[in-house]
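Working notes for the structure below.
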Amino acid sequence: MKFVAKSIRFLFWSAFAAICGLVLISASMYLYLSPALPDVQTLKDFKLQTPMRVMSADNKLIWEYGEKRRAPLHYEQIPTHFIQALIAIEDKRFEFHQGVDPIRFTRVVLDLLITGDKEGAGGSTLTQQVARNYFLSQQKTFTRKFTEILLALKMESELSKQEIFELYINKHFLGYSSYGIQAAATVYYGRDINDLTLPQLAMIAGLHQAPSAANPIANKTRAKRRRNGVLLAMRVNNYITETEYQQAIAAPITASYHGKNPDFEAFYLAEMVRAHMYEQYGEEAYTRGFTVYTTVNSELQLAAERGVRKTLIDYSRRHGFIGPEAFLKAEGFDPHTQLNSQLQQLNKTPSFGGLTPALVIAGDQEKMQVIPKGEQHPINLTLEGFSWARKRITVDELGPKLTHAYQVAVPGQVVRLEQTEEGWALAQIPRVQGALVALSPQDGSVQALVGGFDYLLSKYNRVVQASRQPGSNFKPFIYTAALDKGYTPATIVNDAPIVRADSALEDIWAPKNSGDRYLGPIPLRQALYQSRNLSSIRVLDSIGVKYARDYASRFGFAPSRLSNDMTLILGTSVMSPMEIAKGYAVFANGGYVVEPFYINRIEDIDGNILFEANPAIVCRGCPEAPSLFKPVQTAETTAINIQPLALNIDEGNNSDDANSSTRPTTYAAQVLSPQTAFLIDNMLKDVVKKGTATAARRALPREDLAGKTGTTNDAVDAWFTGYNGDMVASTWVGYDSNSPLGISEFGGKAALPAWVEFMKTALNNKPLNSLPQPVGIVQVRIDPKTGLLANPGTEGARFEFFRENNVPTTFSDTTLTIDFSADETIVLPDISGDTEGETETSVESLF
């Protein structure tokens, strides 16, 4: 008995000594480590590395920029089943312990004392894991573990359970560049975390243990085993019923990789945003979790993309087949293996511009058999359906008529297919490029922007980076200047040949109309809507180049960038589609200059507004609106000089100034009188009604459409810019290499279709929106042959708009004639510089 008593006393004092030792060691460690413990309060303001999100005006994702995919959640945004799943598998006593689970910790200590294995099962709670992930390394040492425990205890005393849980679920790496559960839900399922099913939530909860090796893409078997373990833990802890458990473990693995998946394409605009944000914030633009809301509407952007791509594909078809893209080598010995090897290569070929790659497998005199990417079975393309695909010899010359599919492509070659309403159709990636930009004429906000056929093929943004000659697309600005210099829509101008000679008579400039056709004396209105070059040159000669250049500054064009000679009226000065659209917005809104902008607001990761746009808006008749308008009567009158405004947003409007309710409304400056704006708008409506853009009226039978076509010398550039009171859009088509589009291509044929396709969506169910007839404008009946008042019974008489002080006072009693037997020779100043289109014409067809 004495031996037993001694043994008990020995064990008691040994245990007591051990406990005292542990207390002493713990106290010593605490005194040693506690001064160096980080401040837990910093976790409340901890900024996780979060990508920048670019959004549309209607709150749809355009793109994300940043290496780490993360979308932090607040506790109340987390699904209940996920909270239960994570607690069940990672820390079932999370809601009750104070940072360290005594039961779990004791088990781990005993295991360590018995086995001496530090690599064994860890006893870390969720709180300890948060401490390790945010403050400590992953190194397995006693010092690090003790620091982790102290931090966990400190965190539990200063942070709520909800805050700790938030920190945990937003920090963890969960595979495939996803950090946090929201990003993981997107990567594996392409959905919001709140839209996942119970087995999917259990899968996400189970990823924390081995996100790279046991995720459902890398290892489905291991991932399913882990998922079912999570579900079992939920069942054991009574978070789910037996029925729910059985149904969940029977569910198949549905995960697949979802890359950055925008709601729609607007990559050219996204790059503009990225460049701006990088300029403002540097590398932090990609990590601070900014959300940039653009002005673009997703529906309008899709219509713009569709319009540009369809227009370029159709143009490419009109000019013949360039040839198949590639030949896929068949590997293997039997036909089945060879075909599979080709299809594997095909499936790695990217789609561009909505055009799908397809493998040619057979063909004859009636059809071609192809297998589209992602498909297993062939489809037939009839020879009649791709009869357009004659070999392109030059842009204007095609090869012989097709009689066999192998004239287009042979088995093993890759062609492109377009999905149409009738099914698959042969197509090709166009070499020609195009651009479209649409603005709200009321404030300049960019509504849609397409900088090329496909951003992945060419990142060159032709909306803002291209400098192209606008051709006759520029004429309305000069005609507006003429209206403010005494011209009226009925003023007669001569459409007859001109020969330009310099002072030494060594140089001859003989511009021509399209088709070398001339109409003689015609009204100014007709000269504009039929885009008569020779009439236009006479108008510019009458008002003066200097006056016209200065006047053009009202629309935002810098005079220094405009041609300083008679070619100005032919649109030889280079400019971008954005600049042209900005200029036409003045016509659309009744005479006010607005500044294009594409960023509406910028928010930080917590939703605080860092910047909000405050554009100058159009307010016709508002006394607060600045008016820079001065009626110009002579060339010596001082012109209005409105310099082009920067496209970048003003970062001065941030922080406390970001709240639009605290900022005064700014108004766009008036640069045209209501009378001048009405007259030029009315003339431009005739371009659509009976001029070079009648195709727009046939497709969109509305009375409020106006615009102007443009085609440069040798059809290098094709344009159409048009508008109504709600929308202004400019489209351009051409080759980056400045190659000709072809002798049959003009603005009304090559560029107008993209505008029409866009406007069908933009104006759908919208009421008519035209400028009202202002005070000071009257309508009288005239003889269009003379521009004078019409007598009763005058043939062809029609009504015309005039300023009250410009109404004709005499009646027509003569007929103007012109002698075409000899060219009219006008000696004009030397043309400065070599401008494309100098020796011929920069015009579009009459059709």
Glu284 passes all but one of (1) touching a residue at least 60 places away in the same chain (Cβ under 8 Å); (2) closer than 30 Å to Glu612 by Cβ; which number fails? (1)
Which numbered condition Gly323 fails, given (1) outside any loop (DSSP other than H, G, I, E, B); (2) under 30 Å from Ala750 (Cβ atoms): (1)
From (1) closer than 30 Å to Asp541 by Cα; (2) modelled with pLDDT of 95 or more; (3) surrounded by 18 or more Cβ atoms within 10 Å (Cβ to Cβ), pick out the condition that doesn't hold for Trp755. (1)
Are any residues in segment 398-416 touching a residue at least 24 places away in the same chain (Cβ under 8 Å), surrounded by fewer than 21 Cβ atoms within 10 Å (Cβ to Cβ) and at negative phi, and if so, which ones? Leu398, Gly399, Thr403, His404, Tyr406, Val410, Pro411, Gln413, Val414
Identify all residues within segment 441-492 that are among the β-branched types (Val, Ile, Thr) and over 20 Å from Leu534 (Cβ atoms); write none if there are none. Val446, Val450, Val463, Val464
Find the residue count for segment 162-185, including only residues that are in a helix (DSSP H, G or I), open to solvent by 50 Å² or more (accessible area, probe 1.4 Å) and not polar (S, T, N, Q). 2
Would you check which residues across segment 150-161 are open to solvent by less than 20 Å² (accessible area, probe 1.4 Å) and not in a helix (DSSP H, G or I) and list them? Leu159
Quick check on segment 754-766. Is at least one of its residues in a loop (DSSP other than H, G, I, E, B) and without any contact (Cβ under 8 Å) to a residue 40 or more places away in the chain? yes
Can Asp550 be described as closer than 30 Å to Thr786 by Cβ and among the acidic types (Asp, Glu)? no
All but one of (1) more than 30 Å from Gln465 (Cα to Cα); (2) out of contact with any Ser or Thr (no Cβ under 8 Å at 6 or more places or on another chain) hold for His258, so report the exception by its number. (2)
Can we say Leu519 is open to solvent by less than 10 Å² (accessible area, probe 1.4 Å), closer than 22 Å to Ala490 by Cα and touching a residue at least 12 places away in the same chain (Cβ under 8 Å)? no
Leu426 being in contact with a Phe, Trp or Tyr (Cβ under 6 Å, 6 or more places away or on another chain) and among the aliphatic types (A, V, I, L, M): yes
Find the helices (runs of 4 or more DSSP H) located wholly in segment 192-262 whose residues include 2 or more that are without any contact (Cβ under 8 Å) to a residue 60 or more places away in the chain and crowded, with 21+ Cβ neighbours inside 10 Å, and list them. 198-206, 220-236
Keeping to segment 324-333, report how many residues are at pLDDT below 95, under 18 Å from Leu417 (Cα atoms) and open to solvent by less than 50 Å² (accessible area, probe 1.4 Å). 2
Scanning segment 89-118 for residues that are polar (S, T, N, Q) and more than 17 Å from Gln129 (Cα to Cα), which turns out modelled with the highest pLDDT? Thr106
The lone exception for Ser560 - which of (1) polar (S, T, N, Q); (2) open to solvent by 30 Å² or more (accessible area, probe 1.4 Å); (3) at pLDDT 95 or above it fails: (3)
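Which residue, of Leu312, Leu355, is touching a Lys or Arg at 6+ places or on another chain (Cβ under 7 Å), closer than 30 Å to Thr731 by Cβ, crowded, with 20+ Cβ neighbours inside 10 Å and in contact (Cβ under 8 Å) with a residue 24 or more places away in the chain? I'd like the intermediate steps shown before the answer.
On the way: Leu312 fails: touching a Lys or Arg at 6+ places or on another chain (Cβ under 7 Å).
Result: Leu355 is the single residue among Leu312, Leu355 that is touching a Lys or Arg at 6+ places or on another chain (Cβ under 7 Å), closer than 30 Å to Thr731 by Cβ, crowded, with 20+ Cβ neighbours inside 10 Å and in contact (Cβ under 8 Å) with a residue 24 or more places away in the chain.
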Would you confirm whether or not segment 335-358 contains a residue that is outside any helix (DSSP H, G or I) and more than 28 Å from Gly452 (Cα to Cα)? no
Does Leu383 satisfy the condition of being at pLDDT below 95 and either crowded, with 16+ Cβ neighbours inside 10 Å or within 30 Å of Gly621 (Cα to Cα) (or both)? yes
Among the residues of segment 358-379, the number that are loosely packed, with under 15 Cβ neighbours inside 10 Å and not hydrophobic (A, V, I, L, M, F, W, C) is 6
How many residues does segment 598-609 contain that are in a strand (DSSP E or B) and in contact with a Ser or Thr (Cβ under 7 Å, 6 or more places away or on another chain)? 3
Any idea how many residues of segment 615-634 are farther than 18 Å from Gln670 by Cα and either crowded, with 19+ Cβ neighbours inside 10 Å or modelled with pLDDT of 95 or more (or both)? 0
Just one listed residue, out of His404, His377, His336, is modelled with pLDDT of 95 or more and farther than 30 Å from Gly734 by Cβ, and it is His404
Looking at Asp495 and the list (1) open to solvent by 10 Å² or more (accessible area, probe 1.4 Å); (2) in contact with a Leu (Cβ under 8 Å, 6 or more places away or on another chain); (3) modelled with pLDDT under 95, which single condition is not satisfied? (1)
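The values are calculated or read from the model by the stated rules, or taken from the named source; none is laboratory data. This structure is a prediction, so every number in the text was calculated from the model and none was measured. A quick note on method: Cβ atoms are made from the backbone with ideal geometry, for glycine too, and the neighbour counts reach across all protein chains shown. With ligands, DNA and RNA removed, areas are computed over all heavy atoms of the protein, side chains included. Shrake-Rupley method; radii C 1.70, N 1.55, O 1.52, S 1.80 Å.
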